[in-house]
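Quick notes on the structure that follows.
The values are calculated or read from the model by the stated rules, or taken from the named source; none is laboratory data. In this text, all values refer to a predicted model and were calculated from it rather than measured experimentally. When we count neighbours, we look across all protein chains shown, and the Cβ atoms used for this are built from the backbone with ideal geometry, even at glycine. To get the accessible areas, we keep the full protein, side chains included, count just its heavy atoms, and leave off ligands, DNA and RNA. Shrake-Rupley method; radii C 1.70, N 1.55, O 1.52, S 1.80 Å.
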Amino acid sequence: MSARRRRRAAAEQEEEEKEEEEAGSDKEVDLEERLCELDLTSDSDVPDVPPPTDSTPEILKRALSGLSARWKNWWIRGILTLAMISGFFMIIYMGSFMLMLLVLSIQVKCYHEIITIGYRVYHSYDLPWFRSLSWYFLLCVNYFFYGETVADYFATFVQRREQLQFLIRYHRFISFALYLTGFCMFVLSLVKKHYRLQFYMFAWTHVTLLITVTQSHLVIQNLFEGMIWFLVPISSVICNDITAYIFGFFFGRTPLIKLSPKKTWEGFIGGFFSTVVFGFIFSYFLAQHQYFVCPVEYNSETNRFVTECEPSELFQMKKYSVPPLLQAVLGWETVNMYPFQMHSFALSTFASLIGPFGGFFASGFKRAFKIKDFADTIPGHGGIMDRFDCQYLMATFVHVYITSFIRGPNPSKLLKQLLILQPEQQLIVYKTLKSHLVEKGILQPSLRG
């Protein structure tokens, strides 16, 4: 009897273990199903954004009514592209200050387009203060960055106006206090059952600020180094966008990336070579004029931006030896060119090889929210952000490139900073500099010691 009981108990124990294993596997399956359901619901919770309306002028619609959709889009894009380029050159003619206003306007519009997508997607939740806080944070960040620019480049101008000295002296503290105010307002606006969504929107706003405001600030920093550092990179991206579209339109057969089905390898390669040649030639013409190569400085006496200087070595013609392999092809042993043209090769290469990834990133963003364009501001092109998605990557690269390979000590900026100091501090700097120059043998020691 004892042997039978032991066998029966062992059999019952095996059955219990099997049931526990099956129950555990069922729990794992249920957990996986729940996770999958969460993933699906997270996608399905995002409602479709209403498609943008067609903003093409009626005169263009009537003029192109007999063409196919493909060629109609070609002509609309082409006409509007020429109009935008013409307006851009007109603003360049109007000077640096107008270019800065243009950059600021583009920044605000790009920010508006991205924030509006978030507002449309989550409009049904009726989040409190979302739009107000978004614009408030934009003002705070712009106040910080442009205040830094004013303190850096217009120190002499600020020094002459007592009402501005307090703002500049405590600029960072004021900026931080303004941001903290917005942060506290966000915390007070949190509503039960919508916490997660509100934090999504908080992150959305800050990422948008990072993409738009920070990059536009770098664009203006590049402009102060000389208009050529602003025009060549921006024009290279525009050239790459246009030529890649042309090559892809006529010769495109091989898809480049799934995020942008219309992008082809033929357009990508054709855009690269076209952009490099364009950047080399365009920089040659710009390097001949002080208006484009001199750093942009503010003249406090005339209250105007000036671009007058003795061009640096980058913009002085030099003779270079042609590599032996190219001598047989070109028939030249030497060639005269500006050193900046070599740098333009690096800028054009980045604009055509890495710059398009900004566009791919934007394409992925639009696909995530099931929209074709960021807005319908420009017929045939979409929104402002659709045209400047590659420019922001370019602005960061140019700024890093200048600080890494070009920019050296700036005596004029250092002198402006010294003039802000108190007389006692200026005297200490003078004595220290004088003793240093005497030790170097550059100055003779005074007889009075």
Anything in the stretch 177-226 that is among the β-branched types (V, I, T) and in a helix (DSSP H, G or I)? List them, or say none. T181, V187, T205, V207, T208, I211, T212, V213, T214, V219, I220
For the stretch 374-398, name all the residues that are open to solvent by 40 Å² or more (accessible area, probe 1.4 Å) and within 21 Å of S235 (Cβ to Cβ). R387, F388, L393, T396, F397
Evaluate the stretch 350-373: report whether one residue or more is open to solvent by 60 Å² or more (accessible area, probe 1.4 Å), farther than 30 Å from Y119 by Cβ and among the charged types (D, E, K, R). no
With criteria (1) over 29 Å from K372 (Cα atoms); (2) touching a residue at least 24 places away in the same chain (Cβ under 8 Å); (3) touching a His at 6+ places or on another chain (Cβ under 8 Å), A151 comes up short on (2)
Restrict the check to the stretch 114-132 and report whether at least one residue is touching a Gly at 6+ places or on another chain (Cβ under 6 Å) and open to solvent by less than 60 Å² (accessible area, probe 1.4 Å). no
So K262 passes all but one of these: (1) more than 25 Å from E113 (Cβ to Cβ); (2) in a strand (DSSP E or B). Which condition number does it fail? (1)
Hey, V296 in contact (Cβ under 8 Å) with a residue 12 or more places away in the chain and not hydroxyl-bearing (S, T, Y) or not: yes
What helices (runs of 4 or more DSSP H), lying completely within the stretch 381-436, carry at least 3 residues that are at pLDDT below 85? 384-388, 411-420
When you go through (1) over 27 Å from W71 (Cα atoms); (2) in contact with an Asp or Glu (Cβ under 9 Å, 6 or more places away or on another chain); (3) open to solvent by 20 Å² or more (accessible area, probe 1.4 Å) one by one for Q215, which number turns out not to apply? (2)
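Residues checked against (1) on the phi < 0 side of the Ramachandran plot; (2) among the aromatic types (F, W, Y); (3) modelled with pLDDT of 90 or more:
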{"residue": "T205", "(1), (2), (3)": "yes, no, yes"}
{"residue": "L209", "(1), (2), (3)": "yes, no, yes"}
{"residue": "F230", "(1), (2), (3)": "yes, yes, yes"}
{"residue": "P233", "(1), (2), (3)": "yes, no, yes"}
{"residue": "C239", "(1), (2), (3)": "yes, no, yes"}
{"residue": "A244", "(1), (2), (3)": "yes, no, yes"}
{"residue": "I257", "(1), (2), (3)": "yes, no, no"}
{"residue": "P261", "(1), (2), (3)": "yes, no, no"}
{"residue": "E266", "(1), (2), (3)": "yes, no, yes"}
Name the pairs whose Cβ atoms lie under 6 Å apart, with the first residue in the stretch 431-443 and within 19 Å of L418 (Cβ to Cβ), the second among the aliphatic types (A, V, I, L, M) and modelled with pLDDT under 85, and 6 or more positions between them or separate chains? L437/L443
Can you tell me which residue within the stretch 266-292, out of those that are open to solvent by less than 10 Å² (accessible area, probe 1.4 Å) and touching a residue at least 60 places away in the same chain (Cβ under 8 Å), is nearest to G252 (Cα to Cα)? G271
Could you list, in sequence order, the residues of the stretch 170-212 that are of a type in the set (G, A, S) and surrounded by fewer than 16 Cβ atoms within 10 Å (Cβ to Cβ)? A177, A203
